[in-house]
Amino acid sequence: MRKYADVFNKKDFLWGSGTAAYQCEGAWDIDGKGEGEWDYFNHYSVLNINHEDGDDASDFYHRYKEDLNLMAEGGQNTYRFSISWARILPNGTGEVNQQGIDFYNDVINYCLEKGIEPNATLFHYDLPLTLAAQGGWLNNQITDHFNEYAKICFKEFGDRVKIWSTINEPRYYSYCTNMVGNYPPNRHIDIQSYFQYQYNLMLASAKAIHSFKEMGIDGIIGIVHDNGNVEVDPISENKEELFKVADFFYNRMILVPALEGKLPDELDEMKQKFNFMIYHSENDKEIFSKGIGDYLGLNLYNRQYVKHWEAGETEIFHNNKGAGSTSLEGIRVKGLFESSFDKKVRRNKWGREVNPRVMYTALLEIKERYGNPLVMITENGHGIYETPDANGYVEDDERIEIFKEFLDYMLKAKAEGVNVKGYYHWSTMDLYSWINGYAKRYGLVRVDFDNNFKRIPKKSYYWYKDFINQYYQSHS
Ligand code: BGP
């Protein structure tokens, strides 16, 4: 019988990479899988601006052994993946699809055969269509449906999976769905839904964490947050208040329930400032108190750089067109704050800051403000356009340079006492980048989508292999 206690027995730190079901599996309608919200959106919505879908994605469903073999050969010893809710429960509730269970059993068993620690996320943006059509995460009955789904996964896979997370990036998911409006069902600047979503996602997570404990599953479970720690532009007025407001907007609805088992103390004050209310039930407080995670997963890409509001209506700045647009990523919230654009900081082609120092500052902040919880960097990577040579080989030096900087900052934070014990590069291989399609690549391994999904490790794959080897040599 596998035991969590053994996970860190021989090594003090896990090194690996990650993917998510919709982004890599493909096989969207086979072996009993139900339709997902993203299947529906990508097939029918005019808002699917890059006209791509995850029907085949990276064909991981049929090629998982090849991907796991490459991981193992690359020295990686942990794999973060997500389970597709609609593959387990085609209608979101009710009848279980045994073929879905079988698929994840195969993936998990093969991980173990290869010496790779599986780290499973229960929900990574891909809602079963049936539940989406009933109001999705705005209908708070979903919190119970999620809990039932989670219990099935714990029962089926809990003997072998020792690291779990309930939900991937509840905050960023809610932001794209309710503020940007680029994720289905595409609500735009809907502050009410933005916060209600986060509330329901965190309630669902707390219920599942409580079930995990009640079922006596051996392992750790937490939530994955997109921590862009807030930094205030020095030109700002009322810096302390500004920080508090922006931190609530970006972090606190997730971090406080996840790490302290309650809602943020400033919630009522913020309801007035942002102008929203929360539908809740009487016993929610108790549920939150029983839903504290064992660790925090952090997806670290960027910070949130803000200044005081100057003028103008609430507006979102976003770029899913990459080099086809000059838009920088950010927001203006009327009367409260707005993004500050620092010209000295690099940006990727999608207008997002690339600022590896933030790995260090975000980790330190979590340590200092939230009692130094166990942390895993569940995602970190760099999206770029890539041109392979005639053999399909990609010399992704730009990725390597940024990758190295991020890792150096993470290890610096670790050396200063941050309790970080794992790192997952995003992504294991090239995959579907949500609205951006397939041109924005993150993989350590190239996928040739036009040539039978051929896998070709990139220069960064070999660089990471050496890095991991050296790490273990100097820490043995
Ligand atoms: C995170 C998501 C991932 C992944 C990554 C890169 O927010 O958890 O699923 O996609 O970001 O983002 P994108 O693909 O939008 O560039």
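The values are calculated or read from the model by the stated rules, or taken from the named source; none is laboratory data. Since the structure is predicted, the reported quantities are computational estimates derived from the model, not experimental observations. Ideal geometry is used to build each Cβ from the backbone, glycine not excepted, and the neighbour counts take in all protein chains shown. These area figures cover heavy atoms from the full protein model, side chains too; ligands, DNA and RNA do not enter into them. Shrake-Rupley method; radii C 1.70, N 1.55, O 1.52, S 1.80 Å.
3J(HN,Hα) along region 157-168, derived from phi through the Karplus expression 6.51 cos²θ - 1.76 cosθ + 1.60 where θ = phi - 60°, amounts to 10, x, 6, 10, 8, 10, 10, 10, 9, 6, 9, 8 Hz, with x in place of Gly and Pro.
A cut-off of 5 Å between modelled amide H atoms, ignoring neighbours fewer than 5 places along the same chain, links Lys162 with no other residue. Bridgeable aspartates and glutamates around Lys207 (alpha carbons under 16 Å apart, same-chain partners fewer than 8 residues away excluded): Asp144, Glu148, Glu260, Glu282, Asp284, Glu286, Asp294. Note on Gln134 and Glu113: with the Förster distance fixed at 51 Å, the Cβ-Cβ geometry gives a FRET efficiency of about 0.80.
A dipole drawn for the chain from +1 and -1 charges on Cβ atoms has a positive end, and of Leu267, Tyr305, Gly94 the residue lying farthest that way is Tyr305.
Proximity of backbone amide H atoms, modeled 1.01 Å from N, is registered between Ile331 and Phe317, Ser339 at under 5 Å, excluding neighbours fewer than 5 places apart on the same chain.
Over the chain, calculate the relative contact order: mean separation of alpha carbon pairs under 8 Å at least 6 apart, over the residue count, as a percent. Taking the mean separation of contacting Cα pairs over the length of the chain, I get 16 percent.
Applying a DSSP loop filter and a limit of 15 other Cβ atoms within 10 Å to the GluC sites (Glu not before Pro) in region 376-476 leaves Glu395, Glu416. List every residue whose amide H lies under 5 Å from the amide H of His425, counting only residues 5 or more places away in sequence or on a different chain, with H placed 1.01 Å from N in the peptide plane. Amide H to amide H, under 5 Å and 5 or more residues apart or across chains, His425 pairs with Gly16, Ser17, Gly18. Per-residue 3J(HN,Hα) values for region 94-111, derived from phi via the Karplus relation 6.51 cos²θ - 1.76 cosθ + 1.60 with θ = phi - 60°, read x, 5, 8, 8, 4, 5, x, 4, 4, 4, 5, 4, 4, 4, 5, 5, 6, 4 Hz in sequence order (x marks Gly and Pro).
Here's the picture: charge each Lys and Arg Cβ at +1 and each Asp and Glu Cβ at -1 in region 346-476, and of Ala439, Val358, Phe453 the one pushed furthest to the positive end of that dipole is Val358.
Only Lys, Arg, Asp and Glu carry charge here, each on its Cβ (+1 for the first two, -1 for the last two); on that basis the chain has a dipole of about 960 debye about its Cα centre.
Rounded, prolate or oblate, given the Cα gyration tensor of region 1-89, with a/c below 1.5 counting as rounded? Here region 1-89 falls in the prolate category.
For Lys465, the lysines whose Cα comes closer than 19 Å to its Cα, not counting residues fewer than 8 places off in the same chain, are Lys10, Lys11, Lys65, Lys114, Lys404, Lys421. Across all directions, the shadow cast by the convex hull of region 98-184 built on its C-alpha atoms averages 6.5 square nanometres. In terms of accessible area, using a 1.4 Å probe and ignoring ligands and nucleic acids, Ser476, Ser327 rank largest first as Ser476, Ser327.
Stretched out fully, how many nm does the piece from Arg160 to Asn105 gain, at 0.36 nm a residue minus the Cα gap?
Value of the extension gain: 18.9 nm.
Considering only beta bridges that DSSP places wholly inside the chain, some 30 percent are antiparallel.
By definition, a body whose alpha carbon gyration tensor gives a ≥ b ≥ c is prolate when a/c is 1.5 or more and a/b is larger than b/c, and region 161-306 fits this prolate description. Spherically averaged projected area of the convex hull of Cα atoms, the chain: 20.9 nm². Kirkwood analysis of the Cα pair distances in region 23-169 returns a hydrodynamic radius of 15.8 Å.
The 3J(HN,Hα) values that the Karplus relation (6.51, -1.76, 1.60; θ = phi - 60°) gives for region 322-333 are, in residue order, x, 4, x, 9, 10, 5, 9, 7, x, 8, 10, 10 Hz. Gly and Pro appear as x. Under a model in which nothing but the beta-carbon of Lys, Arg (+1) and Asp, Glu (-1) is charged, region 187-267 shows a dipole of about 400 debye around its Cα centre. Computed over protein heavy atoms with a 1.4 angstrom probe, the accessible surface ordering of Ile377, Ile456, largest first, is Ile456, Ile377. Across region 320-334, the residues whose backbone nitrogen lies under 17 Å from the label position 7 Å along the beta-carbon direction of Tyr385 are 320-328.
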